[in-house]
Structures are given as C-alpha cells and as structure tokens.
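Data block below; observations after.
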Amino acid sequence: MVDDLEFDREFFETLARLDEAVMQRVAAEGCQLCDGPLHRSDYNRKPRGALIAPAGEEEAFVRRFSLCCGREGCRKRATPPSVRFLGRRVYLGVVVIVASLVALSLRAAGEVRQRTGVPVQTVRRWLGWWQGSFLKTAEFMTICARIVGVEVGRVPASIVERLEGTGTEPAQRMLELLAPLTTGSVPDGSRFLRGAP
C-alpha cells in the first residue's frame with residue numbers, strides 16, 4: 001500500500017489550501033473570548049519532509065497559520081487545526097503517518113530509515129504514541145464510531161486501510177481526521193474542516 005504512494009506538489013498544495021480555508025473560517029468567527037476580530041499572526045516552523053515529501057516541499061510549509069485577537073487587552077491567540085502539521089512534531093503530518101505505516105509493515109527496523117528517511121527511534125516514539133495516548137483521545141473515539149473494524153493493535157494502518165479513496169486520498173483523509181489534535185486554542189476544531197475544499 002505504501003510503496004506505490006507518491007506525494008507530489010499537488011498533494012501538498014491541496015493541504016495548504018485546506019489549511020488556508022480552515023484558517024479563514026476560524027477568523028470569520030472572531031475571538032472565542034471577547035468576540036473581537038482575529039488577525040493573521042502566523043509563526044515560523046522548520047518542518048522536515050524526510051524522503052516522503054518531494055525536495056523543496058518543506059519550504060512551502062514554513063508558516064503555521066495562526067490568528068490573534070485584535071481587541072486591545074485581549075490578544076488571545078487562536079491557532080486553527082492543520083492538515084499539514086501534526087501538533088508540535090517537526091516532521092510534516094503525512095510523514096508521521098506514512099513512516100508509521102512503513103514501520104508496521106516491515107520486520108527489520110533498519111529498513112524504516114532507508115525507506116522513509118526518518119530515524120528508527122523517532123518512528124518508534126510515534127508508534128508508541130499511536131498505541132498509547134492517541135487511543136485515549138476524543139478523535140480516536142470519533143474515528144472508531146465512524147469506521148467499522150479498526151484494529152487497535154494496528155493503528156494507524158487499520159484506520160488508513162479503511163478510508164475511502166485512491167492514491168494519496170486516504171492519507172489526506174487521515175490528516176483531516178487528526179487535524180483537531182493539532183490545536184488546543186480552537187475548541188471543536190473538526191467543525192471548521194467540514195465542507196472545506
């Protein structure tokens with residue numbers, strides 16, 4: 001499944017457009033605290049694409065979209081959910097997913113780095129997250145409610161395998177399902193993803 005996937009420039013441009021649309025929806029609602037206007041206040045990231053993102057794609061992802069209340073005295077930050085980044089991890093979200101899938105399918109740990117460009121220790125840490133604290137999240141519960149047959153011992157593979165679409169579409173759907181995990185400052189972040197282009 002993972003061997004024939006190619007994440008091209010178009011895939012990453014689609015993710016950027018999704019993040020932009022979500023950011024605009026969050027901005028349109030205004031500040032959650034005082035109803036003041038939200039203004040752009042992006043911040044820099046230094047994401048890694050390993051061998052999964054085409055060369056140079058990391059450069060397109062150096063800005064994490066974020067907003068800040070424009071009302072004097074409030075200035076509360078609202079960082080919208082993201083399909084490009086997976087929380088504070090330095091690797092792009094799709095890299096976390098694909099490298100984890102590769103690790104679950106391979107027997108030899110050394111092959112993981114050779115195939116993905118991600119250090120084995122990092123992938124092991126991600127697999128620990130998938131099998132540990134991720135299973136306790138509301139997002140995982142939502143996924144299990146939507147998708148029949150998720151095998152806990154094979155997460156994230158058992159989720160991605162059950163998502164609709166061809167090529168890179170299941171990876172994109174997985175990123176959309178995980179997006180609410182990428183922010184703590186925008187409650188119920190999944191509602192901003194519904195109907196996004």
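Residues that are touching a residue at least 60 places away in the same chain (Cβ under 8 Å), not in a helix (DSSP H, G or I) and not hydroxyl-bearing (Ser, Thr, Tyr) are absent from the range 98-113 altogether. The residues of the range 128-140 that are assigned to a helix (DSSP H, G or I) and either at pLDDT 95 or above or hydroxyl-bearing (Ser, Thr, Tyr) (or both), listed by number, are Gly128, Trp129, Trp130, Gln131, Ser133, Phe134, Leu135, Lys136, Phe140.
If the condition is being closer than 22 Å to Arg77 by Cα, in a loop (DSSP other than H, G, I, E, B) and charged (D, E, K, R), then the range 155-193 contributes only Asp188. Across the range 1-50, the qualifying residues are those that are of a type in the set (Lys, Arg) and surrounded by 14 or more Cβ atoms within 10 Å (Cβ to Cβ), and the one among them that is farthest from the chain's Cα centre (by Cα) is Arg25. Of Arg63, Arg124, Arg88, which residue is over 17 Å from the mean Cα position of the chain (by Cα), surrounded by fewer than 19 Cβ atoms within 10 Å (Cβ to Cβ), within 22 Å of Leu178 (Cβ to Cβ) and not β-branched (Val, Ile, Thr)? The match here is Arg124.
The values are calculated or read from the model by the stated rules, or taken from the named source; none is laboratory data. Quantities reported herein were computed from a predicted structural model and do not represent experimental measurements. For neighbour counting, all protein chains shown are included, and Cβ atoms are generated from backbone atoms with ideal geometry for every residue, glycine included.
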